[in-house]
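Enquirer: Questions regarding the structure given below will be posed in turn.
The values are calculated or read from the model by the stated rules, or taken from the named source; none is laboratory data. On a predicted model such as this, the values are computed, not experimentally measured, just so you know. As a convention, Cβ positions derive from the backbone with ideal geometry for all residues, glycine included, and neighbour counts pool all protein chains shown.
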Amino acid sequence: MTQLPHQTTDQDKVYIFDTTLRDGEQSPGATMTLDEKLAVAAHLDAIG
């Protein structure tokens, strides 16, 4: 039997919306420095 290639659908994907940078500025007592924000942004960019 021939196996067909698996086709990805939107149901096969997981979308993550990270609001760390935004929420970090809005949470009392939980602010981030510029360097911390840049580090978070770099990590988010690295994971896509």
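Enquirer: Of the conditions (1) surrounded by 10 or more Cβ atoms within 10 Å (Cβ to Cβ); (2) in a loop (DSSP other than H, G, I, E, B); (3) of a type outside the set (Gly, Ala, Ser); (4) over 13 Å from the mean Cα position of the chain (by Cα), Asp23 satisfies every one except a single condition; which number is it?
Expert: (2)
Enquirer: Go through region 26-42 and report how many residues are outside any loop (DSSP other than H, G, I, E, B) and touching a Gly at 6+ places or on another chain (Cβ under 9 Å).
Expert: Residues that pass the stated criteria total 3.
Enquirer: For residues in region 4-19 being hydrophobic (A, V, I, L, M, F, W, C) and at pLDDT 70 or above, which is surrounded by the most Cβ atoms within 10 Å (Cβ to Cβ)?
Expert: Looking at residues that are hydrophobic (A, V, I, L, M, F, W, C) and at pLDDT 70 or above, I get Ile16.
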